[in-house]
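The values are calculated or read from the model by the stated rules, or taken from the named source; none is laboratory data. None of the values given here were measured: they were computed from a predicted structure. So basically every Cβ, Gly included, is an ideal-geometry build from the backbone, and we count neighbours across all protein chains shown. These area figures cover heavy atoms from the full protein model, side chains too; ligands, DNA and RNA do not enter into them. Shrake-Rupley method; radii C 1.70, N 1.55, O 1.52, S 1.80 Å.
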Amino acid sequence: MAPGKKSRRSKKESKKLKKRRNASSAAAAAAAAAPADPNTSDTDWWDVFWRKNSPSPGSAVPEDEAEGFKHYFRVSKETFAYICSLVREDLISRPPSGLINIEGRLLSVEKQVAIALRRLASGESQVSVGAAFGVGQSTVSQVTWRFIEALEERGRHHLKWPDVSRMDEIKARFEAFCGLPNCCGAIDATHIIMTLPAVQTSDDWCDPANNYSMLLQGIVDDELRFLDIVTGLPGGMIGSKLLKFSGFFKLCECGKRLNGNTKTLIEKCEAREYIVGGASYPLLPWLITPYESDGSGLTDSISDFNAMHESARSLAVKAFSQLKGSWRILSKVMWRPDKQKLPSIILVCCLLHNIILDSGDKLHSDVALPGHHDFGYVEQGCKQVDPLGSALRENLAKNLQCRRESVPSK
Amino acid sequence: MLCSVPADRSGSNWLDRLRSTRGFPAGDDLGLDHFLANPQNPSPPTPPAPDPSTSESTHSVQSQIGTQDHAHSARAQNPGGERDWYGIMTGVLSELFNMGDGGEGEVARKSSRKQPNPRFFPNSRTSDASAGEKISDCAAAAEAGAAGGENAGWRTPSADLESDAVDRTARGADVDGEEEEEEEEKESGDNQDLVGYSRSEVTVIDTSCESWKFEKVLYRRKNVWKVRDRKGKVRSSIGRKKRKLGGGSEDGIVGGKKKLKVSGSEVDELGEEQNIENGKAETSKELAHNLDKSSKTRQVPPSIL
């Protein structure tokens, strides 16, 4: 008996050795091939994925393959290739640290990017994302984090404050869109909801809706592109406080941001550069909030101004809805995330959002969240009013009224 | 050996000597029938003292258990001899289970090797001691105790003094930790008004700043929030890249973070160690994770990204 067992075991061992040798030789071959031609794109993964996840009758997945690709990864194949090119250097697997498929082959950069994008886009669990690609949960976790780290560094140029010429374009489009001259952007904030283990629960992270959350503040342009973000601060903080802790606030206060050319309004008033924000923000010389209704009714000019202001501000709301809809990991309740890593995840989602816009991809209409991005949160009005901000707001309202009056005469 | 062999028996064989030490008659009438039939058992000698070596001790226990069978039979025959056998039994049991009261004739029983009042044994070098490090040191001390045998076992007076000294050191470490934190607050400015504030460490990403990512400490009391920098905790993605590519100057930062992760006084630091990340920095996280696990404060969740 014993010798028989021994021989069986030795056979098994030799088989294992063979397998290992095959795997390592395959890995070595793949590694040897990868640096030789870094632009080689591996499309096998997509064929396998599409076959496995092809649309069934009644499913939301589009029949068309290109649209199906967009459905799963939010980006077109061209944009996908661009993202791969951004992170390729960081994601190329090199044995022995290379991530290996179930078949024993190294994961291609394309497949790694696809796994990470799918995880961020769907917000599904690592296990289900892994099952869709034929990899394990731990691989999904590692690949996603590697991708986030890589894009966080390589994709920085997609999220930056515009230079003067670009800002002029943005201002012109804002004025054309909502009649607000010299407006540079719209600000808003959202909660990224999560659960925390009991030992980490703290009032700091508990927001007014009794969720544990992390805040994301963003300033967007007229094309819903994020120009500036701050994240990582706890949900217990209110929006105006978050603004005050942001670098953007400090830069504006010391005149290093929103310090471009002023614009002369109709009655020879000057309007400096500013952004628009909701009633939860303070009225500042560079941040214009809507007029508050005191119950007695607003004058026509003020109502008009508020409507125009709202149309500009709603761009930020729309941008957040699109962000959270495209990258559903942000809209689902995250289960016990690492609070040190969560800001990176949020940032990368914002970068991807901007990359889509910069590439000219058109998102499906059903991608954005149907409701408000921060559903369940009540906006708390901020009473802080700066006289300079108040004066600018009045001038803008007057300017709007004059323009309204002049239009019919023309 | 088991015990000293009487001089008058030095000529007998080993079996006789064994029998005599265990209280059995030596000689030719060694059959069980004879033993059972003969009510006059010689008074058993005092049970042997526990042996210094484990193997010998085991041997003696086995031999005594062997004796037990005979004793049971003898008791059936002669209830008068019960008391004698009771002595043997008690000796065996007390040796096996370390009962407080040994057998009648037990002499100088060796003490248990277990520490009666286990105490923390934190390493004195943990001046910035955290809960996590204390636990790890405690675990290490426990291991050392287990491996170190007698020296780490009973609390002799000197050991008591030592451990008291260690306890004092640990208390000192705590005090040091508090002082360190106070110093940190002093460094960051007005620490006087931070008494009674809750403290949480956060990683903030702000694209308006040159380095997008940095560590901050938040202090909060009701609606009052204060943000302080965490000194030397700037995390830039470029820095992480360097680290990933093989160390360099950023290792210091990583080390600092590692230390903070384990040594930070907040328990929530320990609760975040389940994510999978490449690199050495995770080693400490895993340690903290394991510690957390061992302290059973909560169920450990799988990694989330």
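Restricting the first residue to the stretch A:163-192 and requiring it to be on the phi > 0 side of the Ramachandran plot, which pairs with a second residue that is open to solvent by 70 Å² or more (accessible area, probe 1.4 Å) meet a Cβ separation below 6 Å and a spacing of at least six or different chains?
A:Asn182/A:Lys263
When you scan the stretch A:329-384, how many residues do you find that are open to solvent by 70 Å² or more (accessible area, probe 1.4 Å), more than 30 Å from A:Asp294 (Cβ to Cβ) and among the polar types (S, T, N, Q)?
1
Starting from residues that are outside any helix (DSSP H, G or I) and open to solvent by less than 10 Å² (accessible area, probe 1.4 Å), keep the ones in the stretch A:130-161 and report whichever is farthest from the other protein chains (Cβ to nearest Cβ).
My answer is A:Gly155.
Mind telling me which of the residues A:Ile266, A:Ile288, A:Ile329 ends up being within 30 Å of A:Val127 (Cβ to Cβ) and either of a type in the set (A, V, I, L, M) or in contact with a helix residue (DSSP H, G or I) (Cβ under 7 Å, 6 or more places away or on another chain) (or both)?
Only one candidate passes the filter, namely A:Ile329.
Check A:Gly325 against each of (1) in a loop (DSSP other than H, G, I, E, B); (2) within 12 Å of the chain's Cα centre (by Cα) and name the one condition it does not meet.
(1)
Looking only at the stretch A:199-230, which residues are within 8 Å of another protein chain (Cβ to nearest Cβ) and at pLDDT below 95?
A:Val199, A:Gln200, A:Ser202, A:Asp203, A:Asp204, A:Trp205
Report, ordered by the first and then the second residue, all pairs with beta carbons closer than 8 Å, sequence separation of six or more or different chains, a first member in the stretch A:309-326 that is assigned by TED's automatic domain parsing to the domain that holds A:Tyr274, and a second member that is among the basic types (Lys, Arg).
Listed pairs, sorted by first residue: A:Ala319/A:Arg225; A:Ser326/A:Arg74.
Please work out which residue is farthest from the chain's Cα centre (by Cα), limiting yourself to the stretch B:203-222 and to residues that are facing chain A (nearest Cβ under 7 Å) and not in a strand (DSSP E or B).
Filtering the stretch B:203-222 for residues that are facing chain A (nearest Cβ under 7 Å) and not in a strand (DSSP E or B), the one farthest from the chain's Cα centre (by Cα) comes out as B:Ser208.
Taking A:Ala312 and the conditions (1) in a loop (DSSP other than H, G, I, E, B); (2) more than 12 Å from the chain's Cα centre (by Cα); (3) more than 14 Å from every other protein chain (Cβ to nearest Cβ), which numbered condition does it fall short on, given that it satisfies the others?
(1)
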